[in-house]
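Beneath this line is the structure, given in structure tokens, with notes to follow.
Every number here is computed from the coordinates shown, using simple stated rules; none is lab data. Everything numeric here is computed off the predicted structure, so don't read it as measured data. Here the Cβ positions follow ideal geometry from the backbone for every residue, glycine too, while neighbour counts run over all protein chains shown.
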Amino acid sequence: MITLHAITKTYLLGSQELHVLKGISLTIHSGEFVAIMGPSGSGKSTLMNIIGLLDTPTTGTYALEGKSVSGLSEKDQAHVRSRRIGFVFQAFNLLQRMNALHQVMQPLLYQGANRQEAQKRAEDSLTAVGLADRMHHLPNELSGGQRQRVAIARALVTHPALMLADEPTGALDSHTGGEIMALLDQLNARGVTIVIVTHEQHIAEHAKRTIHILDGLIHTQ
């Protein structure tokens, strides 16, 4: 699913260079559930952004599903990202004036799907995450856990090969966070490849493999 080789990432801060990733080589197979852990500033979020084609490495190569994505144009990267990768963020990233159903329809409409098809797939996706009775609710009418379920439904609606979750339980209490992780466990059992970034050990324990990042390098995997 994912093959990274000798990935580095350097940012220029004025005249200073900040070396965030210092040579990451990593393979993640289809169907895996992997956690990426590390202290603040270790490079784990930068690594997630590169895997999700939200950022580009300074050097190194990246292949997704066996195809190189390192040299793709921004337009081609956006095409791959919208069709093959689903994202779940700590802050949910929902539009406040749009109900759950329309939130989940948006990725399909951006792809050019007709409205009837988009609505049917969005309804199916929301039902799959247990929100069949909350489709017409706005974000401020939903609990934190329900909002994260909407975000997961939105990530799933395009049938991505890969789901990336950055601190998916960070804004939730421990009970609700446990429900979200149980949902991710179920999705992984159905064959969805999941990579999560977390700093919490009990969250990482849901993964089948944990990759520890320290000072821009893989410490253990």
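Within the stretch 35-44, restricting attention to residues that are touching a Leu at 6+ places or on another chain (Cβ under 9 Å) and not polar (S, T, N, Q), which residue is farthest from residue 7 (Cα to Cα)? Full working, then the answer.
Taking the stretch 35-44 as the starting set, the residues that turn out to be touching a Leu at 6+ places or on another chain (Cβ under 9 Å) are 36, 38-39, 42-43.
With not polar (S, T, N, Q) added as a condition, the list becomes 36, 38-39, 43.
On the way: 36: 16, 38: 17, 39: 19, 43: 12 Å.
Restricting to residues being touching a Leu at 6+ places or on another chain (Cβ under 9 Å) and not polar (S, T, N, Q), the top hit is 39.
Answer yes if at least one residue in the stretch 82-97 is within 20 Å of residue 186 (Cα to Cα), surrounded by 23 or more Cβ atoms within 10 Å (Cβ to Cβ), of a type in the set (Gly, Ala, Ser) and in contact with a Pro (Cβ under 8 Å, 6 or more places away or on another chain), and no otherwise.
yes
Yes or no: the stretch 15-31 includes at least one residue that is touching a residue at least 12 places away in the same chain (Cβ under 8 Å), among the hydrophobic types (A, V, I, L, M, F, W, C) and either assigned to a loop (DSSP other than H, G, I, E, B) or over 17 Å from residue 215 (Cβ atoms) (or both).
Yes - at least one qualifying residue is present in the stretch 15-31.
Does residue 56 satisfy being without any contact (Cβ under 8 Å) to a residue 40 or more places away in the chain, in contact with a strand residue (DSSP E or B) (Cβ under 8 Å, 6 or more places away or on another chain), of a type outside the set (A, V, I, L, M) and not in a strand (DSSP E or B)?
no
Taking the residues in the stretch 94-139 that are in contact with a Lys or Arg (Cβ under 9 Å, 6 or more places away or on another chain), of a type outside the set (A, V, I, L, M, F, W, C) and part of a helix (DSSP H, G or I) as candidates, determine which candidate is farthest from residue 82 (Cα to Cα).
139
Which one is surrounded by the most Cβ atoms within 10 Å (Cβ to Cβ), of the residues in the stretch 102-117 that are under 26 Å from residue 185 (Cα atoms) and touching a residue at least 24 places away in the same chain (Cβ under 8 Å)?
First, pick out the residues of the stretch 102-117 that are under 26 Å from residue 185 (Cα atoms): 102-108.
Those left that are additionally touching a residue at least 24 places away in the same chain (Cβ under 8 Å): 103-108.
Numbers: 103: 24, 104: 29, 105: 25, 106: 15, 107: 23, 108: 22.
Within the stretch 102-117, the match that is surrounded by the most Cβ atoms within 10 Å (Cβ to Cβ) is 104.
Among the listed residues 170, 178, 144, which satisfies the condition of being closer than 18 Å to residue 92 by Cα, touching a Ser or Thr at 6+ places or on another chain (Cβ under 7 Å), surrounded by fewer than 19 Cβ atoms within 10 Å (Cβ to Cβ) and not hydroxyl-bearing (Ser, Thr, Tyr)?
Unique residue meeting the criteria: 144.
Please work out which one of (1) without any contact (Cβ under 8 Å) to a residue 12 or more places away in the chain; (2) part of a loop (DSSP other than H, G, I, E, B); (3) under 20 Å from residue 187 (Cα atoms) is the condition residue 175 fails and give its number.
Of the numbered conditions (1) without any contact (Cβ under 8 Å) to a residue 12 or more places away in the chain; (2) part of a loop (DSSP other than H, G, I, E, B); (3) under 20 Å from residue 187 (Cα atoms), the odd one out for residue 175 is (2).
Using the structure shown, decide if residue 71 is crowded, with 20+ Cβ neighbours inside 10 Å, out of contact with any Cys (no Cβ under 8 Å at 6 or more places or on another chain) and not hydrophobic (A, V, I, L, M, F, W, C).
So residue 71 does not fit the description; no.
Scan the stretch 140-158 residue by residue and report those that are assigned to a helix (DSSP H, G or I), more than 11 Å from residue 103 (Cα to Cα), out of contact with any Asp or Glu (no Cβ under 8 Å at 6 or more places or on another chain) and without any contact (Cβ under 8 Å) to a residue 60 or more places away in the chain.
Of everything in the stretch 140-158, those that are assigned to a helix (DSSP H, G or I), more than 11 Å from residue 103 (Cα to Cα), out of contact with any Asp or Glu (no Cβ under 8 Å at 6 or more places or on another chain) and without any contact (Cβ under 8 Å) to a residue 60 or more places away in the chain turn out to be 140, 141, 146, 149.
Can you pull out every residue in the stretch 193-204 that is in contact (Cβ under 8 Å) with a residue 60 or more places away in the chain and either under 21 Å from residue 91 (Cα atoms) or assigned to a loop (DSSP other than H, G, I, E, B) (or both)?
194, 195, 196, 197, 198, 199, 201, 203, 204
Condition test on residue 213, is it crowded, with 23+ Cβ neighbours inside 10 Å and either without any contact (Cβ under 8 Å) to a residue 24 or more places away in the chain or more than 16 Å from the chain's Cα centre (by Cα) (or both)? Talk me through it step by step, then tell me what you get.
Working: crowded, with 23+ Cβ neighbours inside 10 Å: yes; either without any contact (Cβ under 8 Å) to a residue 24 or more places away in the chain or more than 16 Å from the chain's Cα centre (by Cα) (or both): yes.
Yes, satisfied.
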